[in-house]
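Trainee: The following block contains the structure, expressed as structure tokens.
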Amino acid sequence: MDGNVWRPAHLTPGQMEERRLEAARLLRQGRLSQAEIARQLGASRASVSRWAATLAQDGQ
């Protein structure tokens with residue numbers, strides 16, 4: 001993904017949930033590192049790590 005892609009400064013709650021669900025889908029696929037998922041989705045690596053831990057513990 002191009003580093004010059006515009007990203008909104010603030011996401012709505014719905015957009016944040018959509019991003020989290022997309023991260024869960026990508027994590028389940030196991031093809032990308034957490035860092036790459038964070039870059040693709042415009043999230044922090046800490047957030048993706050937290051989502052991965054939740055997914056492993058509780059499922060989606």
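Trainee: Just checking, how many residues over region 25-47 are out of contact with any Asp or Glu (no Cβ under 9 Å at 6 or more places or on another chain) and buried (at least 16 other Cβ atoms within 10 Å of the Cβ)? Quick ask: steps written out before the conclusion?
Mentor: Kept after step one, since they are out of contact with any Asp or Glu (no Cβ under 9 Å at 6 or more places or on another chain), are these residues of region 25-47: 25, 27-36, 38-39, 42-47.
If we keep only those that are buried (at least 16 other Cβ atoms within 10 Å of the Cβ) as well, we get 27, 34, 38, 43, 47.
Residues in region 25-47 being out of contact with any Asp or Glu (no Cβ under 9 Å at 6 or more places or on another chain) and buried (at least 16 other Cβ atoms within 10 Å of the Cβ): 5 in total.
Trainee: Can you work out which of the residues in region 49-60 that are assigned to a helix (DSSP H, G or I) and polar (S, T, N, Q) is most open to solvent (accessible area, probe 1.4 Å)? I'd like the intermediate steps shown before the answer.
Mentor: Residues of region 49-60 that are assigned to a helix (DSSP H, G or I), as a first pass: 49-58.
Next cut, polar (S, T, N, Q) only: 49, 54, 57.
Values: Ser49: 54, Thr54: 62, Gln57: 147 Å².
Taking the candidates together, the pick is Gln57.
Trainee: Tell me whether region 5-13 contains one or more residues that are at negative phi, at pLDDT below 95 and in a helix (DSSP H, G or I). Even if it seems obvious, please write down each step before you answer.
Mentor: Let us first name the residues in region 5-13 that are at negative phi, namely 5-13.
Narrowing further to those that are at pLDDT below 95: 5-13.
Next cut, in a helix (DSSP H, G or I) only: 13.
Yes, the conditions are met somewhere in region 5-13.
Trainee: Within region 28-48, track down each residue that is of a type in the set (Ser, Thr, Tyr) and assigned to a loop (DSSP other than H, G, I, E, B). Spell out how you get there, then give the answer.
Mentor: The first filter runs over region 28-48 and keeps only residues of a type in the set (Ser, Thr, Tyr), leaving 33, 44, 47.
Scanning region 28-48 gives Ser33, Ser44.
The values are calculated or read from the model by the stated rules, or taken from the named source; none is laboratory data. Source: prediction; values computed, not measured. A quick note on method: Cβ atoms are made from the backbone with ideal geometry, for glycine too, and the neighbour counts reach across all protein chains shown. For accessibility, only protein heavy atoms count, side chains too; no ligands or nucleic acids. Shrake-Rupley method; radii C 1.70, N 1.55, O 1.52, S 1.80 Å.
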